[in-house]
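Q: Please find one structure pasted underneath; my questions will follow.
The values are calculated or read from the model by the stated rules, or taken from the named source; none is laboratory data. Everything quoted here is computed from the prediction, not taken from an experiment. Every residue, glycine as well, gets a Cβ built from its backbone with ideal geometry; the counts of neighbours run over all protein chains shown.
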């Protein structure tokens with residue numbers, strides 16, 4: 001039984017939305033600033049990519065652990081701890097005087113984000129009952145999440161060009177402070193009674209964190225080592241061994257880090273596969289379109305960031321529509337059309353030309369792709385938590401965020417490699433354009449697969465009960481549902 005499981009809904013939503021905004025912002029805000037960071041701190045060319053990679057590595061690697069810690073030690077406690085770590089590391093990064101200091105700060109940001117993201121989602125799913133109210137709350141959360149990622153490009157460009165690269169780190173401080181300010185006003189602890197508190201699955205935590213971390217590490221290093229490198233394959237093989245051991249171990253513990261019974265639910269399993277595919281397409285779209293505008297169309301950092309504003313508006317509009325559709329029907333009703341619409345927009349993007357322009361080659365596809373993506377974002381969060389017991393809300397949130405992070409990392413690395421090979425060694429605008437167009441076409445295909453999952457896997461009706469539970473009667477009793 002959980003104590004004070006619900007807080008003041010409006011305050012909880014505000015805290016979760018602001019926190020998710022800063023986590024999403026940091027996924028993209030440093031990208032445009034990388035050249036300035038390299039000059040200021042003296043980064044070696046091969047080391048510069050770690051400013052981006054180390055955040056993805058620690059964020060993705062610790063999400064399952066962060067999600068389960070929310071269930072065991074309290075959502076508010078992990079939310080505050082994660083935000084505090086994130087804010088402190090942002091300050092350290094903004095004051096960095098050497099490359100290792102910035103990389104260490106980015107690693108700390110990822111660690112903090114791995115606690116914040118599942119805690120925020122768990123706070124929403126336990127505060128808002130399943131149905132229209134939860135869908136609307138997740139719609140706001142998803143819109144802010146999407147806006148954070150898109151506006152990160154804009155903020156990074158403007159801050160780098162008109163202030164200093166250090167502000168891409170320091171800008172996090174007032175946002176973190178705003179999220180923390182909501183905590184005393186109405187976000188409940190959400191912690192289990194001390195007598196009921198379970199121990200953290202230490203073995204599962206080590207295996208999952210190590211396995212996911214090595215998987216992300218192996219993938220993100222392909223930009224320098226390549227997919228055919230023995231080091232890449234050794235890293236991915238080690239990740240497979242650890243993750244296989246994790247699955248085996250989770251079937252033999254009373255309180256697992258990830259209860260595999262969650263995946264027996266078509267809602268949870270289908271939503272996680274769908275978000276993995278959609279994230280791969282979405283991350284790749286951001287990457288290729290940004291490079292197209294800068295390296296083919298010759299747009300500056302600030303202009304490129306500004307050009308993403310229509311994309312941001314489309315995401316928000318799609319999320320608003322999806323929230324209304326899902327509130328009266330099921331997540332499936334918005335997910336399938338949204339994935340197909342995003343696929344159509346990316347296919348339109350794939351028609352870019354080396355002598356094109358923002359108006360003819362970017363604006364239209366941006367609006368279609370972003371609206372379709374917005375139709376996917378809110379419903380997929382609702383689908384991934386449908387039927388999940390409150391005491392496993394953090395677990396479900398950590399799983400969904402892990403799927404999104406892994407999909408984005410793996411998809412982007414794979415598509416970037418394919419695009420680079422297609423472009424060849426001649427970095428002319430025409431060659432680069434052809435590579436980016438191929439990458440965008442494959443991203444469109446990934447969204448088509450996401451639509452197939454939405455249609456073929458997700459149920460037509462909402463779940464009436466919680467997802468399949470553990471066979472342990474004590475565990476079922478803790479969920480507050482009949483055994």
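Q: Identify all residues within segment 12-49 that are surrounded by fewer than 20 Cβ atoms within 10 Å (Cβ to Cβ), modelled with pLDDT under 85 and in a helix (DSSP H, G or I); write none if there are none.
A: 34, 35
Q: While we're here: Residue 242 versus (1) in contact (Cβ under 8 Å) with a residue 40 or more places away in the chain; (2) buried (at least 18 other Cβ atoms within 10 Å of the Cβ): which is the lone unmet condition?
A: (1)
Q: Kindly evaluate residue 412 against the criterion of being modelled with pLDDT of 90 or more and assigned by TED's automatic domain parsing to the domain that holds residue 328.
A: Taking the combined requirement at face value, the residue does not satisfy it.
Q: Considering only residues of segment 60-87 that are out of contact with any helix residue (DSSP H, G or I) (no Cβ under 7 Å at 6 or more places or on another chain) and assigned to a helix (DSSP H, G or I), which is surrounded by the most Cβ atoms within 10 Å (Cβ to Cβ)?
A: Among those residues, the one meeting the criterion is 72.
Q: What residue, of 346, 340, 363, is within 21 Å of the chain's Cα centre (by Cα) and surrounded by fewer than 23 Cβ atoms within 10 Å (Cβ to Cβ)?
A: 340
Q: Also, quick follow-up: Can you name the number of the only condition in (1) more than 28 Å from residue 407 (Cα to Cα); (2) modelled with pLDDT of 90 or more; (3) in contact with a helix residue (DSSP H, G or I) (Cβ under 6 Å, 6 or more places away or on another chain) that residue 97 fails?
A: (3)
Q: Output the residue which, of all residues in segment 435-462 that are out of contact with any helix residue (DSSP H, G or I) (no Cβ under 6 Å at 6 or more places or on another chain) and either modelled with pLDDT of 95 or more or surrounded by 15 or more Cβ atoms within 10 Å (Cβ to Cβ) (or both), is nearest to residue 130 (Cα to Cα).
A: Here the answer is 462.
Q: Based on what the data block shows, is residue 393 in the same structural domain as residue 123 (by TED's automatic domain parsing) and at pLDDT below 90?
A: It is true that residue 393 is in the same structural domain as residue 123 (by TED's automatic domain parsing) and at pLDDT below 90.
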